[in-house]
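Right, one structure below, let's go through it.
The values are calculated or read from the model by the stated rules, or taken from the named source; none is laboratory data. Every value quoted in this text rests on a predicted model; they were computed, and no experiment measured them. Using ideal geometry, Cβ is built from the backbone for each residue, glycine included, and neighbour counts are taken over all protein chains shown. With ligands, DNA and RNA removed, areas are computed over all heavy atoms of the protein, side chains included. Shrake-Rupley method; radii C 1.70, N 1.55, O 1.52, S 1.80 Å.
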Amino acid sequence: YFTGQMRPNLGAAVDFDISSTGTIFILYSDGVMTSYFGGEAQSFAFSGFPQGQELSGTTVQGLYLNDSPITPGFYIVSQATRTIYETTLAGTFVNSYRVFDEDMLALLSDVVADPGQDMIYAASGNGIVALSRQD
């Protein structure tokens, strides 16, 4: 897929996803994400995060791309902050999700979302935590 001199360094990549249109999104452990279409780098940057919640510089573990017509966007997990971040497909901050008992997300590693049900499911250790997007 990647050819020539402009190959990305995937050494710090932690997850990736491919949209229904063929765009590849690569998430790096430091909270930075890059995107590619047809092997060519595309412009992408996260924006609009509240002060202190910026992804850049935050250790992250997983990514879920929801490119369905119902609330399309990204869900990104950070075990270090025990937080799930939601953004638009353009990378603009939408929301962050945490739980009162932070131990429930102590081993947070991955996330999926069911926009039709307004639910987010997070893998943490041997358990699955269900979060309502409405709460």
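Any idea which residue in the stretch 114-123 is most open to solvent (accessible area, probe 1.4 Å), counting only those that are assigned to a strand (DSSP E or B) and more than 16 Å from GLN61 (Cβ to Cβ)?
So the residue we want is ASP114.
Is it the case, given these coordinates, that VAL111 is surrounded by 16 or more Cβ atoms within 10 Å (Cβ to Cβ), more than 29 Å from GLN5 (Cα to Cα), out of contact with any helix residue (DSSP H, G or I) (no Cβ under 7 Å at 6 or more places or on another chain) and touching a residue at least 40 places away in the same chain (Cβ under 8 Å)?
Answer is yes for this residue.
Do we find that THR3 is modelled with pLDDT under 95, farther than 26 Å from ASP118 by Cβ and surrounded by fewer than 15 Cβ atoms within 10 Å (Cβ to Cβ) in this structure?
yes
Quick test for you: out of SER56, SER68, pick the one residue that is under 17 Å from the mean Cα position of the chain (by Cα), of a type in the set (Gly, Ala, Ser) and open to solvent by 80 Å² or more (accessible area, probe 1.4 Å).
Just a single option satisfies the conditions, and that option is SER56.
From the set of residues in the stretch 81-109 that are among the aromatic types (Phe, Trp, Tyr) and more than 18 Å from GLY57 (Cα to Cα), which is modelled with the highest pLDDT?
Result: TYR97.
Select from the stretch 72-89 the residues that are touching a strand residue (DSSP E or B) at 6+ places or on another chain (Cβ under 8 Å) and part of a loop (DSSP other than H, G, I, E, B) and write down the one among them that is farthest from GLY31 (Cα to Cα).
PRO72
Restricting the stretch 35-53 to residues that are touching a residue at least 12 places away in the same chain (Cβ under 8 Å) and over 19 Å from GLU86 (Cβ atoms), which is surrounded by the most Cβ atoms within 10 Å (Cβ to Cβ)?
TYR36
So LEU105 clears everything in (1) crowded, with 16+ Cβ neighbours inside 10 Å; (2) within 12 Å of the chain's Cα centre (by Cα); (3) more than 13 Å from GLY31 (Cα to Cα) except one condition, right? Which one?
Against the list (1) crowded, with 16+ Cβ neighbours inside 10 Å; (2) within 12 Å of the chain's Cα centre (by Cα); (3) more than 13 Å from GLY31 (Cα to Cα), LEU105 comes up short only on (2).
So if I check each of VAL99, VAL129, which one is free of Cβ contacts under 8 Å to residues at least 60 places away in the same chain and assigned to a strand (DSSP E or B)?
Only one candidate passes the filter, namely VAL129.
Within the bounds of the stretch 124-133, is there any residue that is of a type in the set (Lys, Arg) and surrounded by 15 or more Cβ atoms within 10 Å (Cβ to Cβ)?
Yes, because at least one residue in the stretch 124-133 is of a type in the set (Lys, Arg) and surrounded by 15 or more Cβ atoms within 10 Å (Cβ to Cβ).
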